[in-house]
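The values are calculated or read from the model by the stated rules, or taken from the named source; none is laboratory data. Given the structure is predicted, the values throughout are model-derived calculations rather than measurements. When we count neighbours, we look across all protein chains shown, and the Cβ atoms used for this are built from the backbone with ideal geometry, even at glycine.
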Amino acid sequence: MTLKTRLLATSAAIMIATTGAVYADGHATHPVTGETLASDQTFTYRDLDESPSIDPGMAEDSAGGDIVRDLFEGLFNQDAAGNLEPGVATGYVVSGDNLVYTFTLRDNAKWSNGDPVTAGDFEYAWKRAASPALASPYSWFIELMSVENASAVIAGDMEPSALGISATDDTTLEVRLSQPLPYFTQMLTHYTTFPVHQATVDAFGSDWTKPGNMVSNGAYVLTQHVPQEKLVRERNPMYWDNENTIIEKVTSLVINDENVALTRYLAGELDRTDVPAGQFPRLSAEYPAQAMSVPYACSYYYMFNLRDNGPEELKDPDVRKALSLAIDRDIITENVLAGGQKSAYTFTHWATAGFETPDIPMASMTQAARNEMAKDLLAQAGYGADNPLTIDLVYNTDEAHKSVAVAISQMWKQTLGVETTLANQEWQTFLEARSNGDFDVARGGWCADYNEASTFLDLMQSASGYNDSKYVNPEVDALLADAKTADNPQADYTAVEQIIAVDTPIMPIYHYASVKMFAENLEGWPFENFQQNWYSRDLYKIAK
Amino acid sequence: MFIFVARRLAVAIPTLLILVVLSFVLMYAAPGGPFNSERPLPPEVLRNIEAKYGLDQPFWKQIVNYVVGVVTQFDFGPSFQYKDRTVNDVIAQGFPVTLTYGFWSFVVAVTVGVSLGVAAAIKQNTWLDYLAVGISIGAQVLPNFVMAPILLLVFTLWLGWLPGGGWNGGQWEYLIMPVLALSTSYMASIARITRSSMLEVLNTNFIRTAQAKGLPMRRVIWHHAMKPAMLPVLSYLGPAFVGMITGSVVIDVIFSTGGIGQFFVNSAFNRDYSVIMGITILVGTLTILFNLAVDILYAWIDPKIRY
């Protein structure tokens, strides 16, 4: 076995050497930057909704993920730029066939009750997350990581004990994969892989996540949780890097209405809130130091229904391409949304790590040229003023989705004379309609599970459960399969994006941006982190 | 009277059962399900989840299991959406909140509404009457989803007097805006009903008799006119009280109070079957109980009414 040792250099080591600051007098300074710290080190932010769960094995939404990352710590964390940095693991070795990963765990990691965090805690947590008994909605993540026997365990064909993870000793963890996965370690910052304290789960059952019961290993512990109102976490003195934590207390408030949240932010009650659609230009003019827009790992697109029983007109790739060409994406990003989103001609978000946006002919054309080409394509396909194309466009009820849909239907009407029927549907109805194929064109949004292009492009696989277009192209399937094991999969991704641009099973519209207001004295926010995975322990407030 | 109450309670049980079955059927008839999302679950994962919540069983069996669980153990099941909690947890947390601000809204709406209505009726066609009618019409046309953000803007952003939301265990400063926003339109209705009913009573013969006998106006109003004038108000108050204590999604959404109104609406959007059922049963039971309470009060106020 050839060993590739990849020990991760750590800035944390340097930070440990510096002494922890005293904050109470308001004159303490940040150990690295030397800025004067505010005496109030609390961070309060708005969440749109109550998260379904804050159990690492059960959590399923990004807001819940934010909370879980504060309360628990996995093998690795992400730094401000989204790169891996040591968490409970200090490093790992991988076997020559890239199938066996052996992690070394730090010996000073502790649970909030003082117990050491061991490799066995990870083994327990992963087996628990995959087990049919827990029935976690995120059990598929273990499968996505290609952990040996994950599929069989989830399907109930094997016992959870057969999962390819085992603790060699307290500080050595071995994970066996069923196939090499170049971005496997990237996935270890995801909450589904975080450790869980077995004695606590055994003692309290599903009540273990309540304040007072929960034992966690992150920089913070849960002190208060009132569903639909707020969740409070305070620093964990047992955390191995506690002396470098500055924020004392973090409160997430559930505020459904974004305009109410903005009012409360402006009244000084919140340190972070979302910018309502369309308000970014005004707010960034008024509060330039507070309104921020950074790339965020999601793509917004419209999909065509390519099922056999779907609309005949849309079976012609030229018709689909014409519709895609006629969308003036810049109007949508600059005038409709106006929040720093970027026009999209590829499905993969432009800021995805290691992804070079391929040359898509349409991207470099002017809108006038696109419109000409669209008219020609549609005329050749036999549609015109006397035989207009009609389309049912379905989206889920939301002001922003509505604005985009109205704008696009107008563009189609003006450029191509296409008659669009807009149908907004309540969320669950929409999902059902989309997965049953009751649409001509439907809205879609996809967010990265990990920072690598396959998280987007795998949706184009014929067998993907998320391929609601039911697009089938064996060439794409072959390229994506090859990308899984290629040393540099960029060529495959470029080819796939170019094929999609021709076949047009979907129309990429824009790449998301995270548009938020941040209190002026809040520092340390990882704006560079593409998935916007943030950790409260990296934040601090400076004295004004 | 006892027989009346017993009979009403006996009817309540089949009513509730019908409510349960109807809600169950309607819920399942709605498209989608509790575990659908933007990211559809792989079939084997979905199967595990459905097995855990008993959704893989035939429909009739699910209803029977549900009703048996509720009746025998008062167990409303786990929430499908909030996976760390049961329906009992959701209600235990949300209902006291709603009950608190609902109760105070009720107190405010009744006190202010009845006072305005009575004052307007006694001083009919004076400036006081016009003012009272003006206030109640103003309050009526300002729905709480308009009222609440205005309050927020004025008291939180401009004046900085009150916190913009949250509950904090129901401290008074967190109560003021929810109570104001919730009570105004009820207050307006109560004022209008009180005024017209009081006017009607004041024109009856027995009031004229009382006045002819030289009784002071105060005594006429309190001892003779008030009780009969309250009858129409009372029939409005029964459902209004239930409406207030079972919460308002507008109040919960805008003031982040964590009350039950928001859970109710969200559960419908999320197809969180068990929470929909739990809260429907709670609201149904309360509606039945308060209608009964109103009927009993009727008999006490108006001796002509006998059951």
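Checking every residue in segment A:93-111 against the condition of being within 14 Å of chain B (Cβ to nearest Cβ), touching a helix residue (DSSP H, G or I) at 6+ places or on another chain (Cβ under 6 Å) and surrounded by 24 or more Cβ atoms within 10 Å (Cβ to Cβ) gives zero matches.
Which residues, counting only those in segment A:148-189, are among the hydroxyl-bearing types (Ser, Thr, Tyr) and modelled with pLDDT of 90 or more? Once the filter is applied, which keeps residues that are among the hydroxyl-bearing types (Ser, Thr, Tyr) and modelled with pLDDT of 90 or more, segment A:148-189 yields A:SER151, A:SER161, A:SER166, A:THR168, A:THR171, A:THR172, A:SER178, A:THR185, A:THR189. Filtering segment A:270-312 to residues that are within 20 Å of A:ASN473 (Cβ to Cβ) and not in a loop (DSSP other than H, G, I, E, B) leaves A:SER299, A:TYR301, A:TYR302, A:MET303, A:PHE304.
Condition check ((1) among the charged types (D, E, K, R); (2) free of Cβ contacts under 8 Å to residues at least 24 places away in the same chain) across all residues:
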| residue | (1), (2) |
| --- | --- |
| A:ASN113 | no, no |
| A:THR118 | no, no |
| A:TYR124 | no, no |
| A:ARG128 | yes, no |
| A:LEU134 | no, no |
| A:ILE142 | no, no |
| A:ASP157 | yes, yes |
| A:GLY164 | no, yes |
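Of the strands (runs of 3 or more DSSP E) lying entirely inside segment A:61-140, the ones with 3 or more residues being among the hydrophobic types (A, V, I, L, M, F, W, C) and over 22 Å from A:ALA448 (Cβ atoms) are found at A:89-94, A:100-105.
Condition check for B:ALA30 on (1) in contact (Cβ under 8 Å) with a residue 24 or more places away in the chain; (2) farther than 30 Å from A:TRP446 by Cα: one failure, at (2). The residues of segment B:151-173 that are of a type in the set (A, V, I, L, M, F, W, C), surrounded by 12 or more Cβ atoms within 10 Å (Cβ to Cβ) and free of Cβ contacts under 8 Å to residues at least 40 places away in the same chain, listed by number, are B:LEU151, B:LEU153, B:VAL154, B:PHE155, B:LEU157, B:LEU162. Filtering B:VAL275, B:VAL233, B:VAL253, B:VAL249 for residues that are over 22 Å from B:ILE13 (Cβ atoms) and buried (at least 24 other Cβ atoms within 10 Å of the Cβ) leaves a single hit, B:VAL275.
The set of residues from segment B:186-219 being within 34 Å of the chain's Cα centre (by Cα) and of a type in the set (Gly, Ala, Ser) comprises B:ALA188, B:SER189, B:ALA191, B:SER196, B:SER197. When A:GLU269 is tested against (1) over 24 Å from the mean Cα position of the chain (by Cα); (2) in the same structural domain as A:ASN473 (by TED's automatic domain parsing), just one condition goes unmet, and that condition is (2).
Of the helices (runs of 4 or more DSSP H) lying entirely inside segment B:1-95, those carrying at least 1 residues that are more than 14 Å from chain A (Cβ to nearest Cβ) are B:2-29, B:59-73. When segment A:368-411 is filtered for residues that are of a type in the set (Phe, Trp, Tyr) and closer than 18 Å to A:THR333 by Cβ, only A:TYR395 remains.
Conditions tested, residue by residue: (1) of a type in the set (Lys, Arg); (2) in contact with a Leu (Cβ under 7 Å, 6 or more places away or on another chain); (3) away from every other protein chain (no Cβ under 12 Å).
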{"position": "B:ARG218", "(1), (2), (3)": "yes, no, yes"}
{"position": "B:ILE221", "(1), (2), (3)": "no, no, yes"}
{"position": "B:PHE241", "(1), (2), (3)": "no, no, yes"}
{"position": "B:GLY259", "(1), (2), (3)": "no, no, no"}
{"position": "B:ASN270", "(1), (2), (3)": "no, no, no"}
{"position": "B:VAL275", "(1), (2), (3)": "no, no, no"}
{"position": "B:PHE290", "(1), (2), (3)": "no, no, yes"}
{"position": "B:TYR298", "(1), (2), (3)": "no, yes, yes"}
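Conditions tested, residue by residue: (1) of a type outside the set (S, T, N, Q); (2) surrounded by 14 or more Cβ atoms within 10 Å (Cβ to Cβ).
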residue: B:ALA6; (1), (2): yes, no
residue: B:LEU9; (1), (2): yes, no
residue: B:LEU19; (1), (2): yes, yes
residue: B:PHE24; (1), (2): yes, yes
residue: B:SER37; (1), (2): no, yes
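Condition (residue is surrounded by fewer than 21 Cβ atoms within 10 Å (Cβ to Cβ), under 24 Å from the mean Cα position of the chain (by Cα) and more than 14 Å from chain B (Cβ to nearest Cβ)) applied to segment A:391-399: is it met by at least one residue? Yes - at least one qualifying residue is present in segment A:391-399. Just one of the listed residues (B:ALA120, B:ALA148) is within 30 Å of B:LEU202 (Cβ to Cβ) and touching a helix residue (DSSP H, G or I) at 6+ places or on another chain (Cβ under 8 Å), and it is B:ALA120. Name the residue that is surrounded by the fewest Cβ atoms within 10 Å (Cβ to Cβ), counting only residues in segment A:493-544 that are among the acidic types (Asp, Glu) and under 18 Å from A:ASP40 (Cα atoms). Restricting to residues being among the acidic types (Asp, Glu) and under 18 Å from A:ASP40 (Cα atoms), the top hit is A:GLU520. Residues of segment A:138-159 that are facing chain B (nearest Cβ under 8 Å), of a type in the set (Gly, Ala, Ser) and crowded, with 18+ Cβ neighbours inside 10 Å: A:SER139, A:SER151.
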